[in-house]
Each structure stands twice: as C-alpha cells, then as structure tokens.
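Down below is the structure, laid out as structure tokens.
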Amino acid sequence: MRQDVIVIGGSYAGMAAALQLLRARRTVLIVDAGQRRNRFAHHSHGFLGQDGMDPAVIWKTAKDQLSHYPTLTWVDGTVVEAKGQKDAFAVTLDEGSVHHGRRLLLASGVRDELPPVPGLTERWGRTVFHCPYCHGYELEMGKIGVIATGSMSLHQAQMLPEWGKVTLLTNGAVEPDDEMRADLSGRGVTIEPTPVAALEGRADVRLRDGRLLGFAGLFTASRAMLPSDLASLLGCEIEEGPLGQLIVTQSSKETSVPGIYACGDAGRMPHSVSLAVGDGAWAGAQLHRSLIF
C-alpha cells in the first residue's frame, strides 16, 4: 500500500501533522522509535490546556485519539533507509519492512548533547533544564545556576533573573567581556569562574576548589543534534543554528528536497511542546495542500 504521507517520528509535532491529514481522510503511516526528547521530564509546562501534565500522558492521549482514525497506520520502529522522489518514496525499517509514500515528513526531533559534567545527565529534565519558560516558574524565585557551554549561556544568564537569583558558572566555556559583565551585574547576576567538578544532591554544584553551591535548579544550553543522518542522506539542507542542528525548510515546511517536509524541533528553533505542536499542525496542512494542488 502506498501511503499519502509517511511521518518519521511520532512525537508531538509528528502527531499534530498527522491529525490534519487524517481529518482530510488521507492515509498516513507514522514510524516512531519511542525516543521523545522530553521523556526525562515528569511535567510539561507552557502548553495551553495541558500545563503541568506528565508529557508521557499528553503523548499517549494524543496517540489514542489518532488511533480512532481508520486511515492511520502506526509502526513502532526506526527508519534506517529512505530514498526516492516526490510521489515515489520508499522507507526501510530496522526490522526489514519497506513502506511507500507520496510524501515524507521528518519529525524525528533532536537529541540533546549535554556538557560532560558528572551528575548532569542523571538530573537532566528533572533539576537541570534548558528552557526557562518550561521550568523556571516552578523554581519559586530561588537560586538558579547557569552552567555555561558557550555564548548561548550568556543569553540564558541575561534572561533567567526573571525567575530567580542567578549565578553564571563559566566553567571554562565562556569569558564575558567587560560590556557583558556590566550587563550581567546590572541584572544581579553573579559570575563564578571556578570550574564545576560535579553535580550532587538535588541541584547542588561542587566546584573544583571544594566549595558546594546550592541551587533550586540549574540551566545549561544543550546542543541540539539530529538523531540520525537520514535527512542529510536524503539530500536535505542542514544548517548549524545557535542551538544546534536544523533541517532547513521553506515557510510551507518543505525542505530543499521536493516532497520532503520537516517540522518540530528538527525543523525549527526555539523548541517547546507548544511550538512543536503548532509547527506540526501547519506542516500537516501544507502537506495536504501539496497533495491536492
């Protein structure tokens, strides 16, 4: 069976796109590897109507709703190869099956490349975050640490005083110039130059000189990486943005390759559940238009 659209990635953006197509009675195959980016978090914030919900519950509810549409096929798996052209694409899954479709939608999201700080990975999404709009409010204006990874960390340090008392831990990754130091000082930000040795407790930072700094929460600017080289192998243009890798798309969400679209964290910046859903809904509508005009 040839699908109208094959969606690679069944998280928020991919499902939002699929919903528009299913409601237009189009056939859709979703292939999902089960690697939601926010699988480490227990609560999702900033998504209208779902504020504070477990992101896994939001995902499952959406999937259950999609399952009522008879033109949906859902496969748990990973796409290991994709080829073809507009109206004649073929994707191969890790278990060997091959599926055909008129359009491809890359909605596989991204993975976070984290700084190599001992104890950080275990706390990612729980007490170490990247988005203040998603997690800042719950810190109750407490002490916030920013573990620097590069220039984006300076931007984080400038923003985060809206949510608490901020300490920028430069950690050898960034050196603010005099103008930036004056700016941060004016915002009440403390600059700590001693490198970080490890994270301890809930959100405590052990410095290399032995001091232990306690925080309500920590932020760091992770680097977004596409989860595989599938987009590049298909010939899609990829660029390095301030937050990491990004599949380049037109306003219609079509990539540089005709018939291949991208949405969600893989195809836009910045990132959040709300933005991914909106981007996916737009991509789904544009995919439908491409099938009828």
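Only a single item in (1) surrounded by 14 or more Cβ atoms within 10 Å (Cβ to Cβ); (2) in contact with a Ser or Thr (Cβ under 6 Å, 6 or more places away or on another chain); (3) under 22 Å from Leu233 (Cβ atoms); (4) not charged (D, E, K, R) is not met by Val80, and it is number (1). Going by the conditions given, is Ser251 surrounded by fewer than 16 Cβ atoms within 10 Å (Cβ to Cβ) and of a type in the set (S, T, N, Q)? Yes; evaluated as a whole, the condition is true for this residue.
Modelled with pLDDT under 95, not in a strand (DSSP E or B) and not assigned by TED's automatic domain parsing to the domain that holds Asp51, is that true of Met159? Taking the combined requirement at face value, the residue does not satisfy it. Within region 37-57, being closer than 17 Å to Pro132 by Cα and of a type in the set (D, E, K, R) holds for Arg37, Asp51.
Against the conditions (1) under 29 Å from His130 (Cβ atoms); (2) assigned to a loop (DSSP other than H, G, I, E, B), Gln20 satisfies every one except (2).
With respect to the conditions (1) out of contact with any Pro (no Cβ under 9 Å at 6 or more places or on another chain); (2) farther than 14 Å from Phe215 by Cα; (3) not aliphatic (A, V, I, L, M), Thr190 falls short on a single one, namely (2).
When residues in region 83-128 are screened for being of a type in the set (Val, Ile, Thr), in contact with a Gly (Cβ under 9 Å, 6 or more places away or on another chain) and surrounded by fewer than 17 Cβ atoms within 10 Å (Cβ to Cβ), 0 of them pass. Among residues of region 158-182 being over 27 Å from Tyr137 (Cβ atoms) and acidic (Asp, Glu), the one that is surrounded by the most Cβ atoms within 10 Å (Cβ to Cβ) is Glu175.
The values are calculated or read from the model by the stated rules, or taken from the named source; none is laboratory data. Just so it is clear, the model here is predicted, and its values are computed rather than measured. Backbone-built Cβ (ideal geometry, glycine too); neighbour counts: all protein chains shown.
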